[in-house]
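Every number here is computed from the coordinates shown, using simple stated rules; none is lab data. Owing to the predicted nature of the structure, the values given are computational and were not obtained by experimental measurement. Positions of Cβ are backbone-derived with ideal geometry, glycine not excepted, and every protein chain shown enters the neighbour counts.
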Amino acid sequence: MIGRPRPAVSALPAYRPGRSAEMAEREHDITDAIKLASNELPFGPLPSVTAAIAAAAAETHLYADHRAEALRAELATRNGVAADQVMVGAGSVGLLQQLALTYLDPGDRVLFGWPSFEAYPVFAALVGAEVVRVPLVDHTNDLAAHADAIDDRTKLVMIANPNNPTGTAVGLGDVATLLDRVPPDCLVVLDEAYREFVTMESLGDPMPLLAEHPNLIILRTFSKAHGLASLRVGYGFAHPEVVTEIDKTLVPFIVNGVGQAAALASLAARDEMGDRVHQVVLERSRVIARLAELGHEVPDAQANFVWLPNGEEAAPLAERLERAGVVTRGFAGAGVRVTISTPEHNDRFLAALSS
Ligand SMILES: *Cc1c(COP(=O)(O)O)cnc(C)c1O
C-alpha cells in the first residue's frame, strides 16, 4: 500500500461508470452498438445552447464565477425563492457529495429506500457514515417506513423522486406527511433529477414546502432533461443557512464557465427543452405498450427509463442485449434499467429483447 489511504476509502470499490457502446463493440466484436445505460438525453445541445457554449469557450483561460451568481439568481427568479436559497454544484452528484461532507460524521446515519441511486451509499461510506436501507414496496419508496426507521442518529433522509433505477414516483402528499414526522434536525433530501419527465399529477410542486420545513432540500440537475450531462451542473433549493453550510464544501471554481453559460441558455430555451422531453415521454408510452405485448409488465415509469424487475434473469438479459449491440444497465439479482431514447434506438432494444 503506497501512502496511507483512509480505511473508509481503501475499503471502497473503484467507481465503475456505465459501460460505453465502444467497450461493447470491442468486447463482442460487433459494430453499431448503442448505449441506453446512463439515462442521458438522446439529443445534442439546442442551437442556442451550442452558441452559448462556443462563446464561453473563448473565456476558458479565466476562472468562472465561483458561486455561479447569475445562474443562482435566474434559478431563484424562475422558482419563486430568494437567491440565497439556491445552491449550485458540480452536478447534483457533486451536491450529494457536499451534503455528505457537510453533515455526516462517522457513526451518523443516512437513510434511503432500496434499490435506489448507487451514489447514496458510496458518499455515506466515504465519510464513514452508516446507511439504513428501507425496502421499496411495489418498486416504490415507502415514506411511512422511512419515517418509522428514523432515529436520533439519522441526519439525512434521501428520496430519489422518481426513483432510480425503478422509475416510480411518490406524490406530494406522501412527502408532506413524511416531513411532518421527521425531527427538525434531520434533513430530508428530495432528489428530483428526473422531475421534468414526470406525468403523474400527484407529483405536485414541493417548492412551497420549503417555507414550512427548513430541513427540506430539493435537488435538480441540468444533466438529464436539459441534456447537459457532460458539463456537470446541478442545483438545489434549501433554507439559506443550509446553503451557506453546503457552499463551504464547494471545490473552488468547479462549476465551470461553459457549464454555467449552457445552463443559463438552456433555461432561456425552456419551451424547446419541453418539446424534447415530450418526445421522450411519448416514446416511453410506446415502449411500455410494446413491452406489455411481449409479456413484460414494468413498474409505472415516470422518468426517462424503464425498469425490468426480472431478478436472477437481470445479469443474463443485460449480457444478451449487449451482445446484440444494446448496452443497458443490469443490476445483478434485481433488474435491468433501459434508457428511453430515439424511436430508432428504442426499436433496437425492443427487437433485441424479443429475438
Ligand atoms: C442522474 C442522477 C442524478 C444527476 O447526476 P448529475 O450529477 O447531476 O449528473 C442525481 N440523482 C439521481 C437519482 C440520478 O439518477
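Neighbour counting of Cβ atoms within 10 Å sorts the residues His213, His146, fewest neighbours leading, into His213, His146. Working from label points 7 Å from Cα in the Cα-to-Cβ sense, the Asp271 to Ser10 distance is 6.0 nm. Considering only Phe197, Phe253, Phe222, give the residue with the highest GNM mean-square fluctuation for the chain, with springs between Cα atoms whenever their separation is below 10 Å. Ranking Phe197, Phe253, Phe222 by mean-square fluctuation puts Phe253 first. When you filter the trypsin sites (Lys or Arg not before Pro) in the stretch 285-320 for DSSP loop state and at most 16 other Cβ atoms inside 10 Å of their Cβ, nothing is left. Connecting C-alpha atoms closer than 10 Å in a GNM of the chain, tell me which of Asn161, Asn79, Asn39 has the biggest fluctuation. In this elastic network of the chain, the residue with the biggest mean-square fluctuation among Asn161, Asn79, Asn39 is Asn79. Between the listed residues Leu203, Thr102, Ala51, the Cα displaced farthest toward the positive end of the dipole of the chain, a dipole computed from Cβ unit charges relative to the Cα centre, is found at Ala51. Under the combined filter of DSSP loop state and at most 12 neighbouring Cβ atoms within 10 Å, the stretch 1-91 retains these chymotrypsin sites (Phe, Trp or Tyr not before Pro): Tyr15, Tyr63. Could you work out how far the C-alpha centroid of the stretch 225-297 sits from that of the stretch 125-168, in angstrom? For the stretch 225-297 versus the stretch 125-168, the Cα centre distance is 22 Å. Segment His278..Glu25, full-extension length gain: 88.0 nm, with 0.36 nm per residue of separation and the alpha-carbon distance subtracted. Computed over the chain with a Gaussian network model linking Cα atoms closer than 10 Å, the most mobile of Ser341, Ser92, Ser285 is Ser285. Across the chain, C-alpha contacts under 8 Å between residues 6 or more apart give a mean separation that, scaled by the residue count, equals a relative contact order of 23 percent. The distance separating the Cα centre of the stretch 55-69 from that of the stretch 298-335 comes to 40 Å. As a rough footprinting exposure proxy, the listed residues Trp114, Trp307 were ranked by other beta carbons within 10 Å of their own, and the order from fewest upward is Trp114, Trp307. Available extension along the chain between Asp205 and Arg78 is 44.4 nm, counting 0.36 nm per residue and deducting the alpha carbon span.
Basic side chains Lys and Arg get +1 at the Cβ, acidic Asp and Glu get -1 at the Cβ, and with that the dipole of the chain about its Cα centre reaches some 740 debye.
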